[in-house]
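Student: One structure coming up, written as structure tokens, with questions to follow.
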Ligand code: ACM
Ligand code: ZN
């Protein structure tokens, strides 16, 4: 007989049952010993005894002990068996990315998803705020970004962007749940909404509409004119005023260079800098922005397809990968830069659970087994550089996700499965019991306004 399974996701590093049970009225008798254990502010110990509960850890660890206790109360609504839990995360970075450009979600829905993610010990919320289909963050110096760039999406919504006041509320809400928000402002690509608002940001200067279709577009911020770089820095100044996170994401993915190739300003810049091609020009542009963030005490994050060469001068930045570029990523790790794994093969939750329609080429179907069986530290990184992989992040792109209910279907139970691979240390993993444990925790969903998780026949 194996040990009784706890309905806890992610599964703790270790747990031991002891004698007796703790009745409901004594479960509120909680002693908190504040103090870091295992040199990890998220680690905790949870002791459930006949006369109450004792929690030990730094404030983040204490928060997670309470989350675990909440899940145990669902499993044992009357008396919880006495036990001793010792728990700590495998990775310090356990992220969830939400695209609020393609479809805008109101403040309360964003909070609902952050709350649900924190219930599975996710600690980073990567907020994709700008793209071709919508600019969703108020920038005071450039009001047309939201007057024009945010007017896509559901008709009749009072506003389709987040004011600074709303964003500060969401940051505070997340912080109470040990979630840090990392904002993403895309540049130079995925910038149609910005260029629709201020045509002079583009290479052609032509007026264009905000995109409503899907795809990869050639509307890049012009790299040739100083005013365009100044715009990016001005926007980031306001972003840094609102968001306290050390990391600021500047996108950089899928920058199609058609316009840059034909732009006299971009070509003049490229020649003046003696750069061989437009990819090198993007690296120069990215480096300018990364150095600027460094000068303001922040560290930039880029999608790793933004730089395939080795010529960045910025000291502090990190790379998030979605498509594998083994050589480049290894090189960045060897330079001491941190990596975040968002491999499309396991962590793109806009992809279907299974290839229901025989579309084979539409990404890779990703079900719970795909996620649980995926090893976040790729073998190619080698042991020497493995610690540069700080964790994993699942992405919810929202071209086909119009509302909260659809988002919940895409995310649950895949987000909890990913959280388990990011939190639970390898030796303690138990994939076989995942469904039973997850279903136990999900009894909480009604209370948290979460409806519409994926039907169970799609999970495996
Ligand atoms: C990406 O999926 N374009 C980062
Ligand atoms: Zn240009």
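What follows draws every value from the coordinates through simple rules; no lab data is involved. What you see is a predicted model; the values in this text were computed from it and never measured. Counting neighbours? That spans all protein chains shown, and the Cβs are built from the backbone with ideal geometry, glycine included.
Student: Take the Cα atoms of the range 307-451, find their three principal axes, and give me the spread along each one in whole Å, biggest first.
Tutor: Cα spread of the range 307-451 along its principal axes, largest to smallest: 49, 36, 29 Å.
Student: Using the alpha-carbon atoms, what tilt in degrees (0 to 90, nearest 10) does helix 414-423 show relative to the longest principal axis of the chain?
Tutor: Helix 414-423 and the main axis of the chain meet at about 80 degrees.
Student: So, one more: Computed over the Cα atoms of the range 241-352, what is the convex hull's projected area averaged over all directions, in nm²?
Tutor: Its Cα hull, projected and averaged over all orientations, spans 8.7 nm².
Student: May I ask for the angle, rounded to the nearest 10°, between helix 59-75 and the longest principal axis of the chain, with both axes built from Cα atoms and the value confined to 0 to 90°?
Tutor: 60 degrees
Student: Next question. With label points built 7 Å along Cα→Cβ from the Cα atoms of residue 79 and residue 430, find their separation and express it in nm.
Tutor: 2.3 nm
Student: Once you treat every alpha carbon in the range 185-272 as an equal point and sum by Debye, what is log10 I(q)/I(0) at q = 0.16 Å⁻¹?
Tutor: -0.64
Student: In nm, what is the difference between 0.36 nm times the number of residues separating residue 447 and residue 265 and their Cα-Cα distance?
Tutor: 60.0 nm
Student: Report, to the nearest 10°, how far helix 164-175 tilts away from the longest principal axis of the Cα atoms in the chain, using its own Cα long axis and a range of 0 to 90°.
Tutor: It is inclined by approximately 30 degrees.
Student: Continuing with this model, one more query. How large is the Rg to Rh ratio of the chain when both quantities use alpha carbon positions and Rh follows Kirkwood?
Tutor: On the Cα set of the chain, Rg over Rh gives 0.99.
Student: Same structure again: Working out 0.36 nm times the residue gap between residue 144 and residue 40, then minus their Cα-Cα distance, what length gain in nm do you get to one decimal?
Tutor: Net length gain for the segment: 33.0 nm.
Student: What are the extents of the Cα atoms of the range 87-143 along their three principal axes, in Å, largest first?
Tutor: 47, 20, 20
Student: Can you pull the semi-axes for the range 25-119, root of five times each eigenvalue of the Cα gyration tensor, sorted largest first, whole Å?
Tutor: Over the Cα atoms of the range 25-119, the semi-axes work out to 30, 18, 10 Å.
Student: Ordered by packing density, taken as the mean number of other Cβ atoms within 10 Å over each peptide's residues, highest first, how do 8-20, 445-457, 324-336, 192-204 rank?
Tutor: Per-residue Cβ counts within 10 Å, averaged per peptide and sorted highest first, yield 192-204, 8-20, 324-336, 445-457.
Student: Would you mind getting me the FRET efficiency between residue 288 and residue 379? Use the beta-carbon distance for r and R0 = 41 Å, nearest 0.05.
Tutor: Once rounded, the FRET efficiency stands at 0.75.
Student: How long are the semi-axes of the equivalent ellipsoid of the range 115-261, taking √(5λ) for every eigenvalue λ of the Cα gyration tensor, in whole Å from largest down?
Tutor: They are 27, 16, 15 Å, listed from largest to smallest.
Student: Rounded to the nearest 500, what is the 222 nm mean residue ellipticity of the chain from helices alone, with -39500 (n - 2.57) per DSSP H run of 4+ residues and division by all residues?
Tutor: Mean residue ellipticity at 222 nm (helix-derived): -9000 deg cm²/dmol.
Student: Could you tell me the extents of the range 75-175's C-alpha atoms along the three principal axes, largest first, rounded to whole Å?
Tutor: Ordered largest first, the range 75-175 gives principal extents of 59, 29, 22 Å.
Student: Dividing the alpha-carbon Rg of the range 258-307 by 2.2 N^0.38 Å yields what?
Tutor: Dividing the Cα radius of gyration by 2.2 N^0.38 Å gives 1.25.
Student: Which value, in nm² and rounded to one decimal, describes the direction-averaged projected area of the C-alpha convex hull of the range 373-460?
Tutor: Over every viewing direction, the Cα hull of the range 373-460 projects on average to 7.3 nm².
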